[in-house]
Amino acid sequence: MGNILYSFRRCPYAMRARMALSIAETDYEHREVLLRDKPDHMLEVSPKGSVPVLITGSKVLEESLDIMRWALPDAEFETDIIDAIDGPFKYHLDRYKYASRYDPSVKRGDVDLSHRAKAKDALSGIEQRLSQSAFICGAEMGPTDMASFPFIRQFAAVEPDWWADDNTLPFTRDWLTACVNSDVFLSIMQKFPRWKPEG
Ligand SMILES: N[C@@H](CCC(=O)N[C@@H](CS)C(=O)NCC(=O)O)C(=O)O
C-alpha cells in the first residue's frame, strides 16, 4: 500500500504537511475528511482524531511537523520561530478569532482585540527576521516559512481591512502575500471531494 494522507483543505497544520510533501514530490493518496465526520479508518490508526495524518508503510505520523520532517529529512527547521507560532501565536489567534468560545460574555462573531494584540506580539521575531531577508530561511521560501505562514494567513483573514491598513508588521505582510501567491501553496489548495471508503 502506498502513502495515505488524511487532510482537511483549510487546516493550517494540514497545509504545512501538504507543502512539505509537495516540494519533496512524495506520492500519496489524498483523503479529504470532514472534521465533524472523520473516517473510521483514520480514527483506527490515529485515535486522537486530528489532521493531518500520514500513513507510510507501517508508520503513522500524526503530527504535522513530524510529517514535514519525514518528507524533508535534510531540511533545517527554525524551531524557535515554529514554537512561537504553534504556542503563543496560535493560542492568541484562537482567542482573537473565536472569542465567544473562550469568553461567554463575548457575542458570537465578535473578535477580542486584546488577543489580537498579543498574537501580533508573538510575530515580532518573524518581523525582525523578515526585515533582513525576503523569507525566514533566506531568499527562497523554505520549511520554516511553510510551517508558519498558514497560521498567519488565518490571522490576516479575520479582519482583512485591518491587516491591510496596519503598518506595524510591514515585512510580515509582504512576506505573507508572497507565500500565499507561491506556486507550492496554490498547488496544495486545490479542492478535493470528501473521501469515502469504497463499498
Ligand atoms: N498538533 C497537531 C494539531 C493538528 C490539529 O489540531 N488539527 C485540527 C484541524 S486544523 C484538527 O484536526 N482538529 C480536530 C477537530 O477539529 O476535530 C499537528 O500539528 O498536526
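For the range 121-179, filtering for residues that are surrounded by fewer than 16 Cβ atoms within 10 Å (Cβ to Cβ), hydrophobic (A, V, I, L, M, F, W, C), in a loop (DSSP other than H, G, I, E, B) and touching a residue at least 12 places away in the same chain (Cβ under 8 Å) leaves 1. Scanning the range 18-45 for residues that are closer than 16 Å to Trp195 by Cβ, within 13 Å of the ligand (Cβ to nearest atom) and surrounded by 20 or more Cβ atoms within 10 Å (Cβ to Cβ) gives Arg18, Val33, Met42. Within the range 136-151, the residues that satisfy the criterion of being touching a Lys or Arg at 6+ places or on another chain (Cβ under 9 Å) and under 15 Å from Arg173 (Cβ atoms) are Ile136, Ser148, Phe149, Phe151. For Asp83, the conditions (1) charged (D, E, K, R); (2) in the same structural domain as Met146 (by TED's automatic domain parsing); (3) within 11 Å of the ligand (Cβ to nearest atom) are fulfilled apart from (3).
Looking at the range 46-75, which of its residues are more than 10 Å from the ligand (Cβ to nearest atom) and closer than 20 Å to Phe151 by Cα? If the condition is that a residue be more than 10 Å from the ligand (Cβ to nearest atom) and closer than 20 Å to Phe151 by Cα, then Arg69 is the only one that fits.
The values are calculated or read from the model by the stated rules, or taken from the named source; none is laboratory data. Everything numeric in this text was worked out from a predicted model, so none of it was measured. Ideal geometry is used to build each Cβ from the backbone, glycine not excepted, and the neighbour counts take in all protein chains shown.
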